[in-house]
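Novice: Can you read through this structure? Questions will come right after.
The values are calculated or read from the model by the stated rules, or taken from the named source; none is laboratory data. Worth saying up front: this structure is predicted, and the values here are computed from it rather than measured. Cβ placement follows ideal geometry from the backbone for every residue including glycine, while neighbour counts extend to all protein chains displayed.
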Amino acid sequence: MGFDLNKLVRKNIQQLKPYSSARHEFTGKASVFLDANENAYGSPMEDEYNRYPDPLQWQLKFQLARIKGVPAENIFIGNGSDEVIDLAYRIFCDPQKDNAIICPPTYGMYEVSANINDVPVKRVNLTVSYQLDVPAILAATDANTKLLFICSPNNPTGNDMKREDVEQLLKEFPGIVIIDEAYINYSKQKTFIQELTTHPNLIVMQTLSKAWGMAALRVGLCYASMDIIDLFNKVKPPYNINEASQQMATEALANTALVNGWIREVVVQKNRVSGELANLSFVEKVHPSDANFILIKVKDAEGLYKFLAGQGIVVRNRSHEPLCGNSLRITIGTPAENKKLVQTFKQYKG
């Protein structure tokens, strides 16, 4: 039996008549725009921000399409990946009836967004080696399971999920599989974007916040079938990405050489920091990482966290997460920041 997207979409979303903005109704060229109740005199800023932005961000999508090798029509741009997560719940999950599966330890917004949308969550923990427990995920799936979230490379553990496990779930999971590739630029594993034509139930999330260094702009990327993208565009607010973010992101995407240089430097620094910390007596394990951060297990995570904070160094204490007892997540910084981190670690008397 083939995949049927309509069986997964909420009935009210199928019947929804989306808001039609002025920029949706007229997309041609004109010299006088008197359709959107804008301030025709301009704005107090040098740049012209008095007009509403492109609601579908086509110039940014065309730039992404050239880089990623996918049609612009297969791209959705969200106000951060968090908007993509929220829209997925709103499109596919009836509150209190349908459910989603997450695989802790993982990115916390999957569950927070589910709670906001009143969607029950089933937690299927990763294995002790931080990999997907495929049999347990499939066993937890029922007739009302609509979404499965997979973070790869995973946050906070840093490792890629085994590709064969993800591929098995894409074939056997009856709902929508959302693969969060926020850290894919640092990984040797290939993106799943090229699998969109093979798996109609696949959504791939990426972001410009990490490797591209544009966290303040809030630009989340979503790749999926045109049918799924149409649903996202139907439900999203009309102007979810502001003009400044569209312009700056489009310009930044032209400078891939700079970003690739940063990525290579982060990998070098990550290996250096990991090696230095692994030699310290109170560091029990530095987990292998395919991201721009490392997860380390220590004897007293809370004590070390407070010591680092007292020296002006802020990391994340992930000890409350499943399988992450006494563990700190540390982002790889600049060479100077990493040097200070290592020196401070060596001063700790834990």
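Novice: Glu83: in the same structural domain as Glu111 (by TED's automatic domain parsing) and either without any contact (Cβ under 8 Å) to a residue 40 or more places away in the chain or among the polar types (S, T, N, Q) (or both), yes or no?
Specialist: no
Listed here are the residues, each with its yes/no results for (1) out of contact with any strand residue (DSSP E or B) (no Cβ under 8 Å at 6 or more places or on another chain); (2) over 30 Å from Asn338 (Cα atoms); (3) in a loop (DSSP other than H, G, I, E, B).
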| position | (1), (2), (3) |
| --- | --- |
| Asp230 | yes, yes, no |
| Ile241 | no, yes, yes |
| Ala244 | yes, yes, no |
| Gln247 | yes, yes, no |
| Trp262 | yes, no, no |
| Val268 | yes, no, no |
| Asn271 | yes, no, no |
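Novice: Could you list all residues from region 307-340 that are over 21 Å from Lys285 (Cβ atoms) and either assigned to a helix (DSSP H, G or I) or touching a helix residue (DSSP H, G or I) at 6+ places or on another chain (Cβ under 6 Å) (or both)?
Specialist: Ala309, Gly310, Gln311, Pro335, Ala336, Glu337, Lys339, Lys340, listed by residue number.
Novice: Now a separate question. What about Glu48, is it surrounded by fewer than 21 Cβ atoms within 10 Å (Cβ to Cβ) and free of Cβ contacts under 8 Å to residues at least 12 places away in the same chain?
Specialist: yes
Novice: Could you check Val166 against (1) assigned to a loop (DSSP other than H, G, I, E, B); (2) of a type in the set (A, V, I, L, M); (3) within 19 Å of the chain's Cα centre (by Cα) and say which number it fails?
Specialist: Of everything listed in (1) assigned to a loop (DSSP other than H, G, I, E, B); (2) of a type in the set (A, V, I, L, M); (3) within 19 Å of the chain's Cα centre (by Cα), Val166 misses just condition (1).
Novice: List pairs: first in region 114-133 and on the phi > 0 side of the Ramachandran plot, second in a loop (DSSP other than H, G, I, E, B), Cβ under 6 Å, 6+ apart or cross-chain?
Specialist: Pairs found: Asp118/Pro95; Asp118/Gln96; Tyr130/Thr157; Tyr130/Asn159.
Novice: Here is a further query. Can you pull out the strands (runs of 3 or more DSSP E) entirely within region 53-130 that have at least 2 residues that are in contact with a strand residue (DSSP E or B) (Cβ under 8 Å, 6 or more places away or on another chain) and closer than 19 Å to Asp230 by Cα?
Specialist: Those strands (runs of 3 or more DSSP E) span 75-78.
Novice: Same structure again: Of these, Ala182, Ala211, which one is surrounded by fewer than 21 Cβ atoms within 10 Å (Cβ to Cβ) and under 21 Å from Ile77 (Cα atoms)?
Specialist: Being surrounded by fewer than 21 Cβ atoms within 10 Å (Cβ to Cβ) and under 21 Å from Ile77 (Cα atoms) holds for just one of Ala182, Ala211, which is Ala211.
Novice: Quick check on this structure: which one of Leu56, Leu16, Leu34 is crowded, with 18+ Cβ neighbours inside 10 Å and either more than 24 Å from the chain's Cα centre (by Cα) or assigned by TED's automatic domain parsing to the domain that holds Phe173 (or both)?
Specialist: Leu56
Novice: Taking Thr197 and the conditions (1) closer than 15 Å to Asn74 by Cβ; (2) in contact (Cβ under 8 Å) with a residue 24 or more places away in the chain; (3) surrounded by fewer than 24 Cβ atoms within 10 Å (Cβ to Cβ); (4) not hydrophobic (A, V, I, L, M, F, W, C), which numbered condition does it fall short on, given that it satisfies the others?
Specialist: That leaves (2) as the condition not met.
Novice: Output the number of the condition that Pro135 fails; it satisfies all remaining conditions of (1) within 18 Å of the chain's Cα centre (by Cα); (2) surrounded by fewer than 23 Cβ atoms within 10 Å (Cβ to Cβ); (3) in a helix (DSSP H, G or I).
Specialist: (1)
Novice: Being in contact with a Ser or Thr (Cβ under 8 Å, 6 or more places away or on another chain) and either at pLDDT 95 or above or buried (at least 17 other Cβ atoms within 10 Å of the Cβ) (or both) is the requirement here; does Leu126 meet it?
Specialist: Spelling it out, Leu126 is indeed in contact with a Ser or Thr (Cβ under 8 Å, 6 or more places away or on another chain) and either at pLDDT 95 or above or buried (at least 17 other Cβ atoms within 10 Å of the Cβ) (or both).
Novice: Are there any pairs, at least 6 apart or on different chains, whose C-beta atoms fall under 6 Å, with the first in region 270-290 and under 12 Å from Leu304 (Cβ atoms) and touching a residue at least 24 places away in the same chain (Cβ under 8 Å) and the second surrounded by 15 or more Cβ atoms within 10 Å (Cβ to Cβ) and among the basic types (Lys, Arg), and if so, which?
Specialist: Correct list of pairs: Glu284/Lys297.
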